[in-house]
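Inspection log for the structure reproduced underneath, given as structure tokens.
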Amino acid sequence: MGIIFVQWEERYSVGVGIIDKQHKHLFELTNMLYERCRRGESIAREHFVETLHATVEYVGIHFSTEERLMDKIHYPDRVKHKGQHVDFVKKVMESQKDFEEGKIGVAIEFVYFLRDWILSHIAIYDKNFAEYLNRLIKERTSQH
């Protein structure tokens, strides 16, 4: 791969192995789409739907993982967190519709949205969730 658009750094780690692994894969998908966009509109258009579908599929797995954990531990902010996931899916559907309608620049616009969303979602929502989860785990292990 050429230029790295968004680089995984340890500061993005939420300290929950499965979630960190999934976040790293989302970074890879974002970088793949960015690389294709850099190669021109025709390459981006050719691969956009394929990359979008891969992203949607993987994000579905990731959201499901997070939401199952949130429900299991009765995470207090789970409704708000899940709302972020719903908003993301709406944006993906809008981007796909714009693409199908032939709008120009959809792929590069989406890749910037994806980068910004991943970074802000991890920094705020996922970090808060992981802190809560890790605190619960610590409390339960200290009680035994």
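If I model a spin label at residue 38 and residue 140 as a point 7 Å from the Cα along the Cα→Cβ vector, what separation in nanometres do I get?
About 4.3 nm, to one decimal.
By how many degrees, 0 to 90 and rounded to 10, does the Cα axis of helix 17-38 deviate from the longest principal axis of the chain?
The helix 17-38 is inclined about 10 degrees to the chain.
What is the extension gain from residue 89 to residue 74, computed as 0.36 nm multiplied by their sequence separation minus the C-alpha to C-alpha distance, in nm to one decimal?
3.1 nm
When Rg is the radius of gyration of the Cα atoms in the chain and Rh is its Kirkwood radius, what does Rg/Rh come to?
Rounded to two decimals, Rg over Rh is 1.03.
Is there a quick way to get the dipole size of region 57-144? I mean about its Cα centre, with the Cβ of Lys and Arg at +1 and of Asp and Glu at -1; what is the value in debye to the nearest 20?
In total the dipole reaches around 440 debye.
Each residue of region 65-81 in order: what ³J(HN,Hα) in whole Hz does its phi give by Karplus 6.51 cos²θ - 1.76 cosθ + 1.60, θ = phi - 60°, with x for Gly and Pro?
Taking θ as phi minus 60°, the curve returns 4, 4, 5, 4, 4, 4, 5, 4, 9, 6, 4, x, 9, 5, 5, 5, 5 Hz for region 65-81.
Kindly express, to the nearest 10 degrees and within the range 0 to 90, the angle between helix 106-121's C-alpha long axis and the longest C-alpha principal axis of the chain.
That works out to roughly 10 degrees.
Which of the listed residues, 124, 114, 104, is farthest toward the dipole's positive end in the chain, when Lys, Arg count +1 and Asp, Glu count -1 at the beta-carbon?
Looking along the dipole axis, the top candidate is 124.
Express in whole angstrom the spacing between the alpha-carbon centres of region 109-144 and region 25-89.
Between the Cα centre of region 109-144 and that of region 25-89, the gap is 15 Å.
Of the options 81, 40, 60, report the single residue whose Cα projects farthest towards the positive end of the charge dipole of the chain (beta-carbon charges: Lys, Arg +1; Asp, Glu -1).
With unit charges placed on the Cβ atoms, the residue in question is 81.
Any idea what the relative contact order of the chain is, in percent, if you count C-alpha pairs under 8 Å spaced at least 6 apart?
Relative contact order, the chain: 33 percent.
Throughout, read-outs are computed from the coordinates displayed, never taken from laboratory work. Worth saying up front: this structure is predicted, and the values here are computed from it rather than measured. Glycine also receives a Cβ, built like all others from the backbone with ideal geometry; neighbour counts cover every protein chain displayed.
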